Amino acid sequence: MMEFFKSDTKRAVDAKYEAQKIAFAPVAFQAARSLRDLGILELIGKNSRGGGLTEEEVSKTLGLSLYGARVLMEAGLGMGLLCVNDEKYTITKTGHFILKDQMTIVNMNFVHDVCYLGLFNLKESIVSGKPEGLKVFGEQWNTVYEALSKLPSDIQKSWFEFDHFYSDIAFPEVLPLIFKHNPRMIFDVGGNTGKFSLQCVKYSPDVKVKIVDLPGQWAMAEKNIREAGFIERVSGYPINLLNKEETFPKGADAVWMSQFLDCFSEEEIISILSRAKEAIGKDGAIYILETYWDRQDFEAAAFSLQQTSLYFTNIANGNSQMYHSKNMIKCIHKAGLYVDEDIDGIGISHTLFRCKIK
């Protein structure tokens, strides 16, 4: 995979074109989103096999001004979302993915609702080491995780759909890997809405789960778990893991961290893992499920993860990222653990580390 980033093979004219795409990227993003949300891509897509539609036909059908339809459709040509022949527009493969591909939809909604406005202050976040973009949602929070339970519902929806899209696909694959060791008590660290905890208790009638997370997150999870009828087997342990003085509970056979450690700096990861060791005995294990940009099979996946890192820089907390796997492994070793199992290719893009105490 690292071959993607070892050389520059573009001709100068192509490199200059790529530079223009970057220069106009915010404009192109909003144009693509408008083409999608105003129904233009869907309408043209439905009529592409029949030869396509003119600007006038799109304008009249959707109740848009001819001017509005034209500028968006012409922008769609430059972005490769549309083609035009004899004044009739048809949708391209890229346009189809913008319109129909669930991963693309989730990513676009997340970038627009959660990241877009705040990214205006990305440079300031790099300089200060703080999530300066989070201020668009209010001045009172230090991290997005403190704010999450209080953000407007549409922003929450985009955040959770982004978070869950990738993990939900991976969960069915990791459950057999965890339960082959017959854990009776699992600590779900950073359990969010309780999705993984619920899958665990449904998978095994004998297991109990404790969600270790911020009080606001546990409150959301508790509601979901109670409604699902599993409150007798899933409990909560509210904790602020950024406080080094707050310790883990004890008695876990397995500690589970899914898309969790990417929310922290390397120093914080070492602190969390060092304290997580307190939860398990010598036969216990800590499971880390993450997406590492260097472990991806496709350049597009590596690109997406590298850009997602800047959400952490600007919105989430100012000091974490989607890590290179070697940096995570260094943290694991510094915390007094070693990687007992290393499994790539889980879900869309995940890697599972099963860690043991040295």
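The values are calculated or read from the model by the stated rules, or taken from the named source; none is laboratory data. Small disclaimer: the values here were computed from a predicted structure and weren't measured. Neighbour counts run over all protein chains shown; Cβ positions are idealised from the backbone, glycine included. When the accessible area is computed, the model is the full protein with side chains, heavy atoms only, and any ligands, DNA or RNA have been set aside. Shrake-Rupley method; radii C 1.70, N 1.55, O 1.52, S 1.80 Å.
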Relative contact order (%) - region 1-96, alpha-carbon pairs under 8 angstrom, separation at least six = 26 percent
How long are the three semi-axes of the equivalent ellipsoid of region 1-115, in whole Å, if each is the root of 5 times an eigenvalue of the C-alpha gyration tensor, listed from largest down?
-> 28, 17, 14
J(HN,Hα) series, region 285-302, from Karplus relation 6.51 cos²θ - 1.76 cosθ + 1.60, nearest Hz, glycine and proline x = 9, 10, 9, 10, 10, 9, 10, 9, 5, 7, 9, 8, 7, 10, 4, 4, 5, 4
Which value, in Å², gives the accessible area per residue of region 256-345 when a 1.4 Å probe is used on the protein heavy atoms?
-> 38 Å²
Given charges of +1 on the Cβ of Lys and Arg and -1 on the Cβ of Asp and Glu, with all other atoms neutral, how large is the dipole of region 101-217 about its Cα centre, in debye to the nearest 20?
-> 420 debye
Evaluate Rg over Rh across region 221-357, taking Cα atoms for both radii and Kirkwood's formula for Rh.
-> 0.98
Roughly what % antiparallel, to the nearest 5, for the DSSP beta bridges in the chain?
-> 45 percent
Of every Cα-Cα pair in the chain, the percent that sits beyond 36 Å | 30 percent
3J(HN,Hα) from dihedral phi, region 213-220, Karplus parametrisation 6.51/-1.76/1.60, rounded to Hz, x for glycine, proline = 6, 4, x, x, 5, 4, 4, 5
Contact order relative to length for region 213-358, counting C-alpha pairs under 8 Å separated by 6 or more residues, stands in percent at 23 percent
Close Lys-Lys pairs in region 174-308, where close means Cα under 13 Å and separation is 8 or more or interchain | 5
If you line up the long axis of helix 12-23 against the longest principal axis of the chain, both from Cα atoms, how many degrees apart are they, to the nearest 10?
-> 70 degrees
Which aspartates and glutamates have a Cα less than 20 Å from the Cα of LYS60, not counting those fewer than 8 places away in the same chain?
-> ASP37, GLU42, GLU74, ASP86, GLU87
Amide H partners (placed H, <5 Å) of MET185, local residues excluded | LYS208, ASP253, ALA254
Provide the convex hull volume over Cα atoms per residue for region 291-358, in Å³.
-> 85 Å³
Please work out the C-alpha center-to-center distance from region 167-185 to region 233-270 and express it in whole Å.
-> 18 Å
Relative contact order for the chain, counting Cα pairs under 8 Å that sit 6 or more residues apart, in percent = 15 percent
Where is the GNM fluctuation largest for the chain (alpha-carbon springs, 10 angstrom cutoff): LYS60, LYS130, LYS100?
-> LYS60
Sticking to Cα atoms, compute the Rg of region 194-290 to one decimal and its Dmax as the biggest Cα-Cα distance, whole number, in Å.
-> 13.3, 38
Calculated FRET efficiency for the pair PHE29/LYS60, C-beta based, R₀ 25 Å, to 0.05 = 0.35
Please list, or write none, the aspartates and glutamates whose alpha carbon is within less than 14 Å of the alpha carbon of LYS10, excluding same-chain residues fewer than 8 places away.
-> GLU18
So, by mean Cβ neighbours within 10 angstrom, what's the order for 78-85, 251-258 with the highest one leading?
-> 251-258, 78-85
List LEU66, LEU289, LEU198, ordered by accessible area with a 1.4 Å probe, largest first = LEU66, LEU198, LEU289
Enumerate the aspartates and glutamates that LYS358 could reach by cross-link, defined here as Cα to Cα under 18 Å, with residues fewer than 8 away along the same chain left out.
-> ASP253, GLU278, ASP283, ASP340, GLU341, ASP342
